[in-house]
1. Ranking request for peptides 79-86, 143-150, 169-176: highest mean number of other beta-carbon atoms within 10 Å first, then the rest in descending order.
2. Expressed in nm to one decimal, what extension gain is obtained for the pair residue 270 and residue 7 from 0.36 nm per residue of sequence separation less their Cα-Cα distance?
3. Taking a label point 7 Å from the Cα of residue 220 along the Cα→Cβ vector, which residues of region 190-208 have an amide N closer than 19 Å to it?
4. So for region 3-286, taking the charge dipole from beta-carbon charges (+1 Lys/Arg, -1 Asp/Glu), which of 169, 27, 250 sits furthest toward the positive end?
5. Leaving out ligands, DNA and RNA, what percent of the accessible area of the chain is carbon and sulfur, probe 1.4 Å?
6. Charges only on Cβ, +1 for Lys and Arg, -1 for Asp and Glu: so what's the dipole of the chain about the Cα centre, in debye to the nearest 20?
7. I need the calculated FRET efficiency for the pair residue 112 and residue 80, taking r as the beta carbon distance and R₀ as 22 Å, to the nearest 0.05.
8. Run the reach check for residue 152 against lysines, Cα to Cα strictly under 25 Å, same-chain hits fewer than 8 apart removed. What comes back?
Amino acid sequence: MKTEKFLVKEGSKVNLKNHLTDFTGDYTDKKQAVKDLEKNVARMRELQDVLYAQDKYSLLIIIQAMDAAGKDGAIEHVMTGVNPQGCHVVSFKQPSSEELDHDFLWRCQKNLPARGMIGIFNRSHYEEVLVVRVHPQILQFQQLPDDTLNDKDIWNKRFKHIRDWENHLVENGTQIIKIFLNVSRAEQKARFLSRIAEADKNWKFSIGDVKERGMWNEYMKCYKEAMEATSTDKAPWYIIPADKKWFTRLAIAEIIVKRLESLNLQYPVLTDEHKAELLEAKKMLEAEPAE
Ligand code: ATP
Ligand code: MG
């Protein structure tokens, strides 16, 4: 699959109307996509093993979307084959009072994947230029200095702080992939209705979700501007069609596999001393009396 199609190139404009939410490329149905997803998941598992052994890079996958776009399902299906010891998922909700007593990147910094690990942010610091921008009154609760609170340029400055922080991370070994799950408003409605209709899904629904849906256009404008301002060559955004979940999951898995492959990961090369130690250990084990 050609995943460049979904990439937001650094410095380019984003027009979400040009991004089909129900795009499925050459795939006409779910069957082949599921098979290809399985292949990618198996490959991801191999690559993750080397990532962990090499202990040089980490991979941070940031997932942002409107409600019911399929973040949870995508994480579950894409990471299913990965060794749980090498991967962790963090969900960012409304900040706690402790988090509000720090700058907005603090809680993200605290939850970054260590070298060798894959970390997934289910929502992220981008909420600070999305939900907070759609509801600027939230800023009032962020304990900010007056100059910052009243700064007309606050969003551009936040974009810059995010770019600088991500750049710092990339230069220090954290690979970053940013995914926007692009679901249509109509598909969101259908998914909300099924969350209401099916008892097992009721817990996923809250009335607040419908209120946020009412701000759809404001959210799309903020997504567009955030992606334009923060998609960089090293920490790019991908706009992934999200109306067909099976395609979404495959596209994400392909992007992750391609990125890991591009790192040319290698198992650590043993020193001569270490090799001699292995031989020595082998001799000792073989010299033991039979059990
Ligand atoms: P689900 O799919 O289960 O609904 P979710 O990610 O939507 O998952 P919720 O608990 O429903 O989880 O929502 C979390 C809420 O927290 C979202 O509405 C999100 O916008 C909000 N949130 C996240 N980060 C921030 C932030 N920094 N400031 C304010 N609100 C935030
Ligand atoms: Mg929610």
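1. Working: 79-86: 14.9, 143-150: 10.6, 169-176: 16.4.
Order by mean packing, descending: 169-176, 79-86, 143-150.
2. Fully extending the segment from residue 270 to residue 7 adds 90.9 nm.
3. The answer is 190-192, whose backbone nitrogens lie closer than 19 Å to the label point.
4. 27
5. Whole-percent figure for carbon plus sulfur exposure: 51.
6. On the way: 44 positive and 45 negative charges, 278 e Å.
Magnitude of the dipole: close to 1340 debye.
7. 0.45
8. 13, 160, 221, 224
The values are calculated or read from the model by the stated rules, or taken from the named source; none is laboratory data. Quick caveat, the model's predicted, so the values are computed rather than measured. No Cβ is skipped: glycine too gets one built from the backbone with ideal geometry, and neighbour counts run over all protein chains shown. Remember, those area values only see protein heavy atoms, side chains included, never the ligands or the DNA or RNA. Shrake-Rupley method; radii C 1.70, N 1.55, O 1.52, S 1.80 Å.
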